[in-house]
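The values are calculated or read from the model by the stated rules, or taken from the named source; none is laboratory data. These numbers come from a predicted model, not from an experiment. Please note: Cβ atoms are built from the backbone with ideal geometry, for glycine as well, and neighbour counts cover all protein chains shown.
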Amino acid sequence: MSLRVLQLNTLLTGGGTDDQCVKLAAGLHRAGVEVSLAGPDGREFSAVAKRLGVPLFDTGSEGWIKLRYIAVVARLIRKHRIQIVHGHHGRDYWPTILSALCSGRRPRIVLTRHLAKSPGSWPGRWLILGLCDALVACSNFVAKVLREGDADRKSPEVERHWRPPMRGNHSKIRVIYGGFELEHFQPVEPTSPAVAAMRQSWGVDPGQFVFGVVGGHMLPRGKGQREFLAAAAQVREQVPHARFLILGRGNMGEVLEQDIARLGLAGLARLPGYCTDMPTAMNALDCVVHPQIGTEAMPGVVIEAHACGRPVIASALDGIPEAFAMGGLGELVPSEDVPALARAMEAVALRLRPTMTDRRTVHDRVAARMSLERYVSDTLALYLELLERHRSTTE
């Protein structure tokens, strides 16, 4: 396919945005697109990109206000006659725009918003839509924030109080869901050796029901891990065979360990740390809990859990209900409502567990809308539309 695309990413250190950026590049590469990635080498996801066969242009240090990065990328655009430049992190929006404008090639500019809020600065909110060709929102909720803004004045989280909209041509805002490697996230029998070994590594017995929160836990409040432990203290009375795990990394470990001791959860709740085999972990958990308290665009953990046919209990805020609807197995609860969270956990633990047939049905429902192939196809269609529109206006 005669299409030359450059994905821009100045971080590549990990997280959902880097994951989606690299997966998109790899998917485009497999589809025959001449795609490359401009970013720093020696990072976690630069290694992932190279392993997946995506050419990486090492941009080195960013330089003062990213001027060096902009100059390097502008030269890459000229040299390789790039037709589409695509930036993913908010910090990369202006470098993407400026490198395209300085290249002399007039490539189409695509930006993706992976966060449930508009850019933080007023120049970004007022000018970016006028300078890019498309702004991709990763969920309908994100698109709603970009077009209309969102207010949640009663939330204890300051960032939720008011998220202002973007100014400009809102028709440039497109919704394209991210993609997941759902050939890996599949339902697996509980007796699978890999699943049994992981549960054993967690200190979990075969008859116990395991709840797990998956995600980083950074101060001050993480992703609701403390609320999860508070609910666990209520659940243990009604569900004595329940166990509670917090999978992920962050700087709240000491706080969470103190909560476990204070709530009398020693031996019932654990922090196994960061997991590198999430498909097996999702199958080893009996229920994934996502008690988010901050902003949330489109939680991948909900998609991956449902793809493995696992029930999910999640906060009913922002883009979470949209992700939950893909699988629809489990319950949504009000954010920060510990009693409601505990009731939902008890209900899920005490009802019949989904059969393998049920789990495969949920997987198929998720795969129909959230596959990596669909993500690549939708994005590629946008690229071609932008190029065709440009050709028609210049002829």
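Some observations on this one:
Each row is one residue, and each column tells you yes or no for (1) part of a helix (DSSP H, G or I); (2) surrounded by fewer than 15 Cβ atoms within 10 Å (Cβ to Cβ).
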site: D18; (1), (2): yes, no
site: A25; (1), (2): yes, no
site: S36; (1), (2): no, no
site: F57; (1), (2): no, no
site: I65; (1), (2): yes, yes
site: Y69; (1), (2): yes, no
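- The residues in segment 155-177 that are of a type in the set (V, I, T) and in contact (Cβ under 8 Å) with a residue 60 or more places away in the chain can be counted, and the count is 1.
- Within segment 94-121, the only residue that satisfies the criterion of being closer than 20 Å to G149 by Cα, crowded, with 24+ Cβ neighbours inside 10 Å and without any contact (Cβ under 8 Å) to a residue 40 or more places away in the chain is L111.
- Selection of segment 150-166 for residues being of a type in the set (K, R) and surrounded by 15 or more Cβ atoms within 10 Å (Cβ to Cβ) yields R160, R163.
- Checked against the criterion of being closer than 26 Å to Q292 by Cα and of a type in the set (S, T, Y), segment 355-365 has no qualifying residue.
- Flag not set for G124, criterion: in contact with a helix residue (DSSP H, G or I) (Cβ under 8 Å, 6 or more places away or on another chain), assigned to a loop (DSSP other than H, G, I, E, B), touching a residue at least 24 places away in the same chain (Cβ under 8 Å) and not aliphatic (A, V, I, L, M).
- The listed residue being assigned to a strand (DSSP E or B) and among the β-branched types (V, I, T), out of V255, V235, V288: V288
- In segment 205-229, the qualifying residues are those that are surrounded by fewer than 21 Cβ atoms within 10 Å (Cβ to Cβ) and of a type in the set (A, V, I, L, M), and the one that is modelled with the highest pLDDT is V210.
- All told, A47 falls short of being of a type in the set (G, A, S) and either more than 20 Å from the chain's Cα centre (by Cα) or crowded, with 17+ Cβ neighbours inside 10 Å (or both).
- Some residue of segment 248-255 being touching a helix residue (DSSP H, G or I) at 6+ places or on another chain (Cβ under 6 Å) and either surrounded by 18 or more Cβ atoms within 10 Å (Cβ to Cβ) or modelled with pLDDT of 95 or more (or both): no
- Residue within segment 209-217 that is among the aromatic types (F, W, Y) and within 21 Å of L341 (Cβ to Cβ) present: yes
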